[in-house]
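I have placed the structure first, in the form of structure tokens, so that the comments after it can refer back to it.
The values are calculated or read from the model by the stated rules, or taken from the named source; none is laboratory data. Just so we're clear, the structure is a prediction, and the values are computed from it rather than from any experiment. Counting neighbours? That spans all protein chains shown, and the Cβs are built from the backbone with ideal geometry, glycine included. These area figures cover heavy atoms from the full protein model, side chains too; ligands, DNA and RNA do not enter into them. Shrake-Rupley method; radii C 1.70, N 1.55, O 1.52, S 1.80 Å.
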Amino acid sequence: MLTHAITADPVLEFAADVRTGLTLSGQKELPSKYLYDDVGSALFEVISVLPEYGLTRADERLLQLHRDEAGGQVAGPGAVAELGSGSGKKTRWILKALCRRQHVSYFPIEISPTALAMCARELGDIDCMSIVGFEREYLDGLREVEARRRDGQNLLVLFLGSTIGNFDRPAAAGFLRKMRRILRPGDSLLLGTDLEKPIPQLLAAYDDSLGVTAAFNLNLLARINRELDADFILERFEHDARFNPEARSVEMHLRSRRNQVVTIPRASLTISFRAGETIWTESSHKYGRTEPLQIAKDAGFFCKAQWIDQEWPFAENLFVAE
Ligand code: AVJ
């Protein structure tokens with residue numbers, strides 16, 4: 001796979017973001033994208049097969065069932081861009097369906113080089129498909145894909161697994177508007193959105209009995225130790241998953257078990273935590289069934305189809321740029 005990587009120093013950027021997030025005057029926070037280093041990406045792969053976390057299985061079931069209709073959007077020689085390709089496992093169904101009819105250019109866009117490599121390994125054997133990976137933020141990557149696509153080539157954007165749920169509602173709407181401006185009329189977007197469900201079920205999905213999600217969350221502190229020479233003692237923090245009823249999101253926090261001071265040399269930072277104080281590390285917003293349709297409409301898409309999984313309420317939305 002050909003890969004276009006970013007040139008800026010990722011460790012410096014990480015240090016700057018850690019500094020900004022941990023010196024906020026109110027709630028401390030860290031950007032959720034940093035959960036996905038090699039260890040975090042591997043832990044998420046485990047989360048996706050846990051009994052409590054039905055989200056990935058629902059996504060996969062819907063993609064498998066509706067791959068032909070989803071792929072049918074891309075007539076003629078096609079291009080597929082995937083935002084946050086992860087392991088590439090569930091994309092396989094769609095790509096194979098498309099490749100039966102035509103040559104496909106597949107452009108995974110990922111900030112994690114490991115995930116990109118995993119995805120190339122997983123999907124590299126599909127005939128009639130070329131892969132060019134972009135180690136970029138989503139919209140930057142999409143702009144590059146847009147610049148490279150040939151005239152007359154239809155583009156299908158995949159944004160699966162309810163990754164959009166990591167944005168709050170206004171940011172999700174803004175993201176779809178920006179995406180729409182990069183696309184051409186007739187291009188399509190397959191968007192996976194996790195739906196609202198009973199709170200105990202949601203909390204179990206983000207605080208599983210094996211402790212994998214806790215490890216996934218705590219790994220962010222371990223990563224700061226590894227990459228920024230910090231001295232977080234992991235036992236002094238605990239995983240906390242809670243439902244925020246106003247935002248309708250599940251939030252992950254890391255709670256300090258005691259008063260303590262931590263130093264992060266490569267971010268030039270010494271930071272104190274009060275007992276019970278938390279670092280907010282991720283939000284996963286849950287949607288009502290028609291909410292994604294409204295957000296997409298406001299951004300300039302029309303809805304071609306929506307498929308819902310009955311076992312684990314989750315919606316796969318097929319939108320077309322107007
Ligand atoms: C990969 C962002 C969809 O929010 O459900 C899983 C990440 N965090 N368990 C999600 C996650 C905790 C996941 N997404």
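For the Cα atoms of the chain, what angle does the longest principal axis make with the long axis of helix 212-228, in degrees from 0 to 90, nearest 10?
Helix 212-228 sits roughly 70 degrees off the main axis of the chain.
What FRET efficiency would be calculated for the residue pair Q64, L24, taking the C-beta separation as r and a Förster radius of 45 Å, to the nearest 0.05?
Rounded to the nearest 0.05, the efficiency is 0.60.
Mind running the shape call on segment 79-150? Use the C-alpha gyration tensor, a ≥ b ≥ c as the square roots of the eigenvalues: rounded below 1.5 for a/c, prolate if a/b tops b/c, oblate otherwise.
On the way: a/c = 2.11, a/b = 1.21, b/c = 1.74.
Oblate.
Label 7 Å along Cα→Cβ of Q306; segment 163-206 residues with amide nitrogen under 16 Å?
Residues passing the 16 Å test: 165, 173, 189-197.
Once you place label points 7 Å from the Cα toward the Cβ at V49 and M1, how far apart are they in nm?
2.0
Taking amide hydrogens as modeled 1.01 Å from N in the peptide plane, which residues meet the under 5 Å criterion relative to L269, leaving out close sequence neighbours?
I264
In segment 86-173, carbon and sulfur make up what percent of the accessible area (probe 1.4 Å)?
Here carbon and sulfur together make up 52 percent of the probe-accessible area.
How would you classify segment 11-51 from its alpha-carbon gyration tensor, with a ≥ b ≥ c the square roots of the eigenvalues: rounded for a/c under 1.5, else prolate if a/b is greater than b/c, otherwise oblate? Intermediate results must be reported in sequence, preceding the final value.
Numbers: a/c = 5.80, a/b = 1.94, b/c = 2.98.
Note, shape of segment 11-51 comes out oblate.
Taking springs between alpha-carbon atoms closer than 10 angstrom, which of D151, D309, D59 fluctuates most in the Gaussian network model of the chain?
Maximum fluctuation in the GNM of the chain, among the listed residues, is at D151.
Projecting each Cα onto the charge dipole of the chain (Lys/Arg +1, Asp/Glu -1 at the beta carbon, about the Cα centre), which of Q102, G211, I199 comes out farthest on the positive side?
Farthest towards the positive end: Q102.
Any idea how far apart R257 and A16 come out in nm if each label point goes 7 Å out from Cα toward Cβ?
Output for this residue pair reads 3.6 nm.
So how tilted is helix 55-71 from the main axis of the chain? Cα-based, degrees 0 to 90, rounded to 10.
20
Considering only P51, P198, P265, give the residue with the highest GNM mean-square fluctuation for the chain, with springs between Cα atoms whenever their separation is below 10 Å.
Greatest mean-square fluctuation among the candidates belongs to P198.
What residues of segment 221-253 lie in the reach of a label at R266, counting those whose backbone N is under 16 Å from a point 7 Å from the Cα along Cα→Cβ?
221-232
Express as a percent, rounded to the nearest 5, the fraction of DSSP beta bridges in the chain (both residues included) that run antiparallel.
Restricted to the chain, the bridges split so that about 55 percent are antiparallel.
How many nm separate the modelled label positions at K197 and D127, each set 7 Å beyond the Cα in the direction of the Cβ?
3.8
Just from the alpha-carbon atoms, what are the Rg and Dmax of the chain in angstroms?
Calculated on Cα positions, Rg and Dmax stand at 19.8, 62 Å.
If you wrap a convex hull around the Cα atoms of segment 125-279, how much volume per residue is inside, in Å³? Let's see the in-between values first.
Working: hull volume 29.6 nm³, N = 155.
Taking the convex hull of the Cα positions in segment 125-279, it is 191 Å³ per residue.
Net charge near Y36, counting Lys/Arg +1 and Asp/Glu -1 over other residues with Cβ under 10 Å of its Cβ?
Details: positive: K33, R223; negative: D37, D38, E110.
Here the charged neighbours net out to -1.
Taking one equal scatterer on every alpha-carbon of segment 116-194, how large is log10 of I(q)/I(0) by Debye at q = 0.11, 0.12 1/Å?
Each listed q corresponds, in turn, to -0.34, -0.40.
Could you give each residue of segment 136-149 its phi-based ³J(HN,Hα) in whole Hz, using Karplus coefficients 6.51, -1.76, 1.60 with θ = phi - 60°, and x for Gly or Pro?
These are the phi-based 3J(HN,Hα) values: 8, 5, 3, 6, 4, x, 5, 5, 5, 4, 4, 5, 9, 6 Hz.
Given a 1.4 Å probe, how much area per residue of segment 73-145 is accessible, in Å²?
37
Segment 1-34 to segment 202-235: how many Å between their Cα centroids?
Each part's Cα centre sits 17 Å from the other's.
Label segment 198-310 by shape, choosing from rounded, prolate and oblate, from the square roots a ≥ b ≥ c of the eigenvalues of the Cα gyration tensor; if a/c is under 1.5 it is rounded, and otherwise prolate applies when a/b is larger than b/c, oblate when it is not.
Verdict is prolate for segment 198-310.
FRET efficiency for E235 and A75, Cβ-Cβ distance as r, R0 = 56 Å, nearest 0.05?
Computed FRET efficiency for E235 and A75: 0.50.
Helix 38-47 versus the longest principal axis of the chain: what is the Cα-based angle in degrees, 0 to 90, to the nearest 10?
The answer is roughly 70 degrees.
Amide H to amide H, which residues 5 or more places from A230 or on other chains are under 5 Å from it, using H placed in the peptide plane?
When sequence neighbours closer than 5 places are left aside, the close amide H contacts are N225.
Please list, by residue number, everything in segment 38-66 whose backbone N is under 19 Å from a paramagnetic label point 7 Å out along Cα→Cβ of N225.
The answer is 38-44.
Top mean-square fluctuation among L160, L269, L142, Gaussian network model of the chain, C-alpha springs under 10 Å?
L269
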